[in-house]
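The values are calculated or read from the model by the stated rules, or taken from the named source; none is laboratory data. Small disclaimer: the values here were computed from a predicted structure and weren't measured. Every residue, glycine as well, gets a Cβ built from its backbone with ideal geometry; the counts of neighbours run over all protein chains shown. Surface areas here come from the heavy atoms of the whole protein model, side chains and all, with no ligands, DNA or RNA. Shrake-Rupley method; radii C 1.70, N 1.55, O 1.52, S 1.80 Å.
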Amino acid sequence: MKNHQTQEERHEMLVNGPIETVIPKLAIPTIISMMVSSIYNTADTFFVSQIGTSASGAVGVIFSAMAIIQALSFMIGMGSGNYMARTFGAGNQELGEKIASTGFFTGLILGTLIAIIGVSNIEEIVMLLGSTETIKPYAVDYAQYIFLATPFMMCSFIMNNLLRLQGLAMYAMVGITTGGILNIFLDPLFIFTFDLGTAGAAIATGLSQFVSFCILLAQCNLRKDCVTIRFRNFLPKPSIYKNIIFGGLPSLGRQGMASLSSIVLNVTARPYGDAAIAAMAIVSKCTILLNSVMVGFGQGFQPVCAFSYGAHKYSRVKKSFWFCVKVSTIFLLVLSATIFLFSSHVIELFRKDDAAVIAIGTLALRLQICTVPLNGFFTMSNMCTQSVGYGIRATILSMSRQGIFLIPILIIASHVWGLLGIQAAQPISDICTFFLSIVIMRGVLKDLDRQDFQENPARQN
């Protein structure tokens with residue numbers, strides 16, 4: 001895809017271009033962006049795990065807070081981005097620019113507030129997130145710099161979504177990927193060379209996020225084919241926030257529930273010691289990396305979906321949806337089979353000297369891998385419902401996998417089966433979410449058929 005496309009050419013590509021080529025072109029950079037975003041925390045987990053089991057657990061504990069930050073960022077970014085894309089699809093350029101700036105500055109203000117509150121109450125927060133007393137010192141060292149970087153982290157996620165939903169996924173990828181690669185190099189430097197421990201990992205992440213922020217802001221404001229971020233376009237009107245929040249609730253539900261379930265996971269694993277917390281944290285990072293591929297592919301589908309829906313091309317929305325389901329399911333089947341065979345080696349990469357971590361993590365990873373192929377269908381279902389403005393159904397679906405189903409399953413299964421219940425909770429939740437997504441998408445697809453018939457009756461003959 002040419003980076004110098006005009007907005008008119010990009011609109012034509014998204015509403016009329018062949019989906020078999022347009023979606024992969026958009027998806028590849030978004031997959032890379034999502035993987036790099038997850039690598040931020042995975043890299044921290046990898047390098048910090050070399051310090052010790054308690055240090056490894058600390059990153060897992062603070063991941064809950066980072067997931068909350070990411071949840072709020074994606075709510076604003078996806079909400080404003082989808083609203084902007086539908087507005088562009090309908091031909092209203094001026095309103096789209098105001099929506100983009102409103103999303104950015106809202107994130108900047110909210111991120112600053114979170115940073116102040118987080119740093120001021122840091123010890124209470126890490127214990128609330130499920131830390132043990134032995135993990136607490138490492139968690140406090142790590143969390144303080146993560147909170148300081150929150151404004152830049154939130155704005156980076158928001159700009160990433162704004163660029164992506166304009167069909168400019170390559171620009172978004174450059175900013176996110178640069179920061180992710182930098183983080184991988186800075187982690188060992190700050191952790192081991194400067195002997196800063198877990199604090200070094202957080203400093204490396206914070207600096208990398210700031211670099212991503214600067215690159216993404218430059219992409220938005222210096223390239224003529226991007227919507228610019230201007231304070232004069234900041235329009236905090238109730239009508240705009242209503243659409244942003246309504247469109248972003250599915251992302252908040254998905255990411256927010258991931259954070260809440262992570263806290264519940266830490267609390268239920270706490271009786272089994274630091275090894276259980278560390279093992280489940282490692283498994284979470286591995287599966288998040290897998291899921292990030294699906295979310296990235298789905299985000300490549302979203303601009304096509306939103307623009308096509310805004311242009312009243314409902315059959316194109318359906319065709320795009322089924323194309324993405326087929327491709328993602330085949331990919332996950334192949335990838336899952338490979339990872340299943342090497343599960344123990346994957347866990348050993350993080351904590352090769354702790355037999356308890358390896359044993360707990362290997363079984364949990366194998367159980368979760370068994371249901372990963374289902375992720376293609378319910379991820380694309382979530383992306384589709386969100387993009388076409390079915391906010392309530394999209395929110396319910398997004399909250400299911402790591403909230404509505406997972407949290408009660410974790411609590412009940414841990415009491416009934418102990419540690420095995422904790423390890424098996426996510427795959428059970430995946431199965432429940434898969435069947436719920438079938439019910440929801442059946443209704444959405446029928447609605448699309450009905451709208452297509454009402455607006456294009458001649459096409460049905």
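Working carefully through the options Phe190, Phe152, Phe185, Phe147, find the one that is under 28 Å from Ser54 (Cβ atoms) and open to solvent by 60 Å² or more (accessible area, probe 1.4 Å).
Phe185
Has the stretch 52-66 got at least one residue that is open to solvent by 10 Å² or more (accessible area, probe 1.4 Å), more than 30 Å from Lys319 (Cα to Cα) and in a loop (DSSP other than H, G, I, E, B)?
Yes, the conditions are met somewhere in the stretch 52-66.
Got a number for residues in the stretch 187-212 being over 23 Å from the mean Cα position of the chain (by Cα) and in a helix (DSSP H, G or I)? Give the derivation first.
Residues of the stretch 187-212 that are over 23 Å from the mean Cα position of the chain (by Cα), as a first pass: 188-200.
Narrowing further to those that are in a helix (DSSP H, G or I): 188-193, 197-200.
Number satisfying all stated conditions: 10.
Within the stretch 23-42, can you find the residues that are open to solvent by less than 10 Å² (accessible area, probe 1.4 Å) and among the aliphatic types (A, V, I, L, M)?
Those that are open to solvent by less than 10 Å² (accessible area, probe 1.4 Å) and among the aliphatic types (A, V, I, L, M): Ile23, Leu26, Ala27.
What's the number of the condition Thr45 fails, among (1) open to solvent by less than 20 Å² (accessible area, probe 1.4 Å); (2) modelled with pLDDT of 85 or more; (3) over 27 Å from Leu108 (Cβ atoms); (4) of a type in the set (Val, Ile, Thr)?
(2)
When the residues of the stretch 240-259 are filtered to those that are open to solvent by less than 20 Å² (accessible area, probe 1.4 Å) and at pLDDT 90 or above, which remaining residue is nearest to the chain's Cα centre (by Cα)?
Only one residue fits best here, namely Ile244.
Checking the structure you have, find out if any residue of the stretch 290-303 is open to solvent by less than 20 Å² (accessible area, probe 1.4 Å), of a type in the set (A, V, I, L, M) and within 30 Å of Pro137 (Cα to Cα).
Looking for residues that are open to solvent by less than 20 Å² (accessible area, probe 1.4 Å), of a type in the set (A, V, I, L, M) and within 30 Å of Pro137 (Cα to Cα), one finds none in the stretch 290-303, hence no.
Against the definition (open to solvent by 40 Å² or more (accessible area, probe 1.4 Å), under 14 Å from Met154 (Cα atoms) and touching a Cys at 6+ places or on another chain (Cβ under 6 Å)), how does Leu108 come out, yes or no?
yes
Please verify whether Ser262 is surrounded by fewer than 23 Cβ atoms within 10 Å (Cβ to Cβ) and assigned to a helix (DSSP H, G or I), treating the condition exactly as stated.
The answer is no for Ser262.
Of the residues in the stretch 320-365, how many are buried (at least 20 other Cβ atoms within 10 Å of the Cβ) and either basic (Lys, Arg) or part of a loop (DSSP other than H, G, I, E, B) (or both)?
2
When Ile99 is evaluated against the numbered criteria (1) buried (at least 21 other Cβ atoms within 10 Å of the Cβ); (2) over 25 Å from Ala169 (Cα atoms); (3) of a type in the set (A, V, I, L, M), which criterion, by number, is the only one it fails?
Among (1) buried (at least 21 other Cβ atoms within 10 Å of the Cβ); (2) over 25 Å from Ala169 (Cα atoms); (3) of a type in the set (A, V, I, L, M), Ile99 violates only (2).
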